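The values are calculated or read from the model by the stated rules, or taken from the named source; none is laboratory data. Computed from a predicted structure; not experimentally measured. Reconstructed Cβ throughout: ideal geometry from the backbone, glycine too, with neighbour counts over all protein chains shown.
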Amino acid sequence: MTSSEAGRWASTGRRRGPAGGSATGYAFVSLYAVLLVAFGVLPALYAVRLAFTDGDGAFAGFTNFSTVLSDFRFGSAVTHVALYLAIWLVALVVLVSFLALVVHAVQVRWLSRVLRLVFYLPGALAGASSVLLWLFVLDPTASPVSGLLHLLGFTSFVQVITPANLPPVFAVIAFWAGAGGWIVVMYGALNGISNEIVEAARIDGASAVQIALRIQLPLLRKWIAYMGVLSLAAGTQLFVEPQLLSQASNAVVPNDYSLNQLAYQYAFQQNDFNGAAAISLLLLVVSLALSAVFVTRGGLFETEV
Amino acid sequence: MGAQRHPAGRDVGRGLVGLVTLLFVLFFVIPLVWLLLATSKSAHGLISGQPFLPGSFGDLTANWDQLFGFQDGAVVTWVRNSVVYVVAALAVTLVVSVPAGYALALTRFRLRRLLLVVTLVVMLVPNTALVLPIFLELNTVGLVGSAWSVILPMSFFPFGVYLTYIYFSTSVPRDLLAAARVDGCGEVQVFTRVALPLATPVVALVAFFSFVQNWNNFFLPFVMLPSSDGYPIQVGLTSLLASTPAFNPSSAGTQSVQLPTLALATVISVLPVLVVFLFSQRFLVTGMTAGGTKE
């Protein structure tokens with residue numbers, strides 16, 4: 001915030017007269033402010049401090065970062081997460097847009113409603129539950145689609161979870177649980193597009209495909225970007241999927257597959273909190289950068305009176 | 001016009017879109033349906049039987065008994081822990097967030113703008129990003145392992161503050177509050193008697209999100225709680241998984257868990273959220289769109 005902005009706030013406040021006294025304001029936000037400092041600001045600052053000091057608390061410069069970055073596991077964890085993100089984000093953007101357009105084009109009302117519910121319901125199974133469910137589905141001996149798995153050449157669970165298969169496997173799990181919510185959101189956004197525009201295009205001879213590509217998708221761009229940014233930030237945090245798979249596969253999947261797992265290993269296996277803080281900080285910076293882009297360009301504060 | 005020029009091509013296109021959509025419907029539905037059916041099968045029936053036929057009531061009760069007999073009823077403890085953590089966090093979240101959103105929207109004070117910006121930034125950071133830093137912090141004050149190490153971080157819910165802030169900014173007329181003041185209400189009464197009753201929809205919305213997010217939270221309790229007695233059900237599932245010989249051959253023993261039992265545990269672990277989800281599609285959309293609705 002610049003000082004001129006602050007001045008503007010002060011002056012508008014004075015002109016209108018305060019709606020409530022500032023003492024009330026402070027009293028009402030005080031509890032929240034305590035939590036915000038304790039669990040938002042302080043941990044971040046503490047992670048910064050740990051990342052730049054050694055085990056005895058002495059300033060260590062970038063030593064922790066260079067230790068972590070030169071760890072052979074770090075590079076492979078970055079590759080794993082990047083591959084997973086690439087597959088997942090592309091699938092998310094393409095398929096969510098496609099399915100939302102289809103659901104929106106369905107004229108039969110109950111069918112459209114059932115489709116949305118079907119897409120959205122798996123979202124209830126987040127975290128460990130959805131991973132467990134997919135362990136079943138991906139195990140050729142128990143799977144409901146074992147025929148399909150056999151067709152793809154998989155006869156045992158270990159074959160399914162070879163390292164090369166893992167990024168698409170995690171992407172499928174994340175897509176299954178997460179896509180529905182976004183489909184429903186996009187559907188809502190499509191409903192917001194004025195019928196007149198679409199009708200006019202149709203009268204001009206545009207086909208359904210042309211309307212989708214030239215009118216509806218460009219108008220959805222903002223929502224697609226929103227989905228992409230939030231999903232990218234969340235995806236870098238990959239933890240529960242590889243963690244459970246590692247456990248279920250007798251460590252065929254390593255327990256340092258993702259960055260968050262590696263940070264966890266540093267903290268709990270190596271007792272190197274400084275190294276763990278360095279990795280956490282790197283991840284936090286990525287998230288903060290993404291969220292800052294969105295805050296500055298997304299206009300989320302435009303309800304300001 | 002186009003329809004008359006290429007009727008055949010258009011039909012093929014429609015058929016193709018329909019087919020692809022059907023494939024995705026199957027993709028989303030099959031795992032859920034199969035999971036529900038699996039709870040009523042024996043371990044042998046799950047592998048050899050027809051996957052989409054229900055098993056028997058007898059096998060369901062057998063699975064039930066095995067699940068709740070696991071480690072002397074550990075599952076009951078885990079579900080109870082989940083309820084305690086989630087309900088306590090929900091209560092604190094509401095007590096903290098609603099007044100904060102109100103104050104940010106309808107009062108003026110110096111730190112207001114700063115508080116809004118920090119709230120927004122933290123809200124968009126995935127909550128897993130702060131888990132290890134919070135662990136490191138709580139570790140220094142000796143809170144790790146206690147119920148509070150889970151409840152307090154769960155109670156910090158900037159998204160809830162943001163939702164109430166938007167709601168109070170846009171849906172509660174200031175004149176109404178001013179009128180209440182003229183009638184002699186103090187500031188606290190203006191909030192409790194006028195603003196709060198008007199805010200029921202947003203309070204329900206915040207409660208929904210807090211409940212769903214905290215019930216499904218895995219990373220935070222996994223890091224904070226070292227002992228099985230304190231696990232919520234989501235983390236407890238990992239113990240069950242570790243005792244399932246089908247996935248972990250070294251675990252074959254007296255306490256081993258069969259696949260259908262693990263399926264039953266998965267269903268139980270999501271049942272509360274699934275029920276809430278069935279009735280709240282609109283809620284979820286409102287929440288996800290709250291961030292960017294302004295054109």
task: Scan A:Leu219, A:Leu230 and give me the residue that is under 12 Å from the mean Cα position of the chain (by Cα) and either within 28 Å of A:Val169 (Cα to Cα) or within 11 Å of chain B (Cβ to nearest Cβ) (or both).
output: A:Leu230
task: Report yes if some residue within region B:82-96 is modelled with pLDDT of 90 or more, surrounded by 13 or more Cβ atoms within 10 Å (Cβ to Cβ), farther than 30 Å from B:Phe191 by Cα and out of contact with any Asp or Glu (no Cβ under 8 Å at 6 or more places or on another chain); otherwise report no.
output: yes
query: Which condition number in (1) crowded, with 21+ Cβ neighbours inside 10 Å; (2) under 30 Å from A:Val172 (Cα atoms); (3) more than 7 Å from chain A (Cβ to nearest Cβ) is the one that B:Thr128 fails?
result: (3)
message: All but one of (1) of a type outside the set (Phe, Trp, Tyr); (2) closer than 30 Å to B:Leu205 by Cβ; (3) modelled with pLDDT under 90 hold for B:Leu32; state the number of the condition that does not hold.
response: (3)
query: Before we move on, is B:Gly55 buried (at least 17 other Cβ atoms within 10 Å of the Cβ), small (Gly, Ala, Ser) and more than 11 Å from chain A (Cβ to nearest Cβ)?
result: yes
message: Please go through (1) part of a helix (DSSP H, G or I); (2) more than 9 Å from chain B (Cβ to nearest Cβ); (3) surrounded by fewer than 18 Cβ atoms within 10 Å (Cβ to Cβ); (4) not aliphatic (A, V, I, L, M) for A:Gln210 and return the number of the only condition it doesn't satisfy.
response: (2)
message: Being without any contact (Cβ under 8 Å) to a residue 12 or more places away in the chain and either closer than 23 Å to A:Gln243 by Cα or facing another protein chain (nearest Cβ under 7 Å) (or both) narrows it down to one residue among A:Pro122, A:Pro144; which is it?
response: A:Pro144
statement: Considering region B:238-270, residues that are more than 9 Å from chain A (Cβ to nearest Cβ), at pLDDT 85 or above and not in a loop (DSSP other than H, G, I, E, B), and then whichever is nearest to B:Asn63 (Cα to Cα), we arrive at B:Thr261
task: State all residues of region B:186-221 that are at pLDDT 90 or above and either in a loop (DSSP other than H, G, I, E, B) or not assigned by TED's automatic domain parsing to the domain that holds B:Val235 (or both); if no residue qualifies, say none.
output: B:Asn217, B:Phe218
- prompt: Is there any pair linking a residue in region A:87-111 that is touching a residue at least 40 places away in the same chain (Cβ under 8 Å) and within 11 Å of another protein chain (Cβ to nearest Cβ) to one that is charged (D, E, K, R) and crowded, with 19+ Cβ neighbours inside 10 Å, with Cβ under 8 Å and at least six apart or on different chains, and which?
  reply: A:Val103/A:Arg116
Evaluation of B:Ser155 against (1) of a type in the set (Gly, Ala, Ser); (2) under 30 Å from A:Phe273 (Cβ atoms); (3) more than 8 Å from every other protein chain (Cβ to nearest Cβ) (one fails), failing number: (3)
- line: Across region A:232-253, the tally of residues that are in contact (Cβ under 8 Å) with a residue 24 or more places away in the chain and crowded, with 20+ Cβ neighbours inside 10 Å stands at 13
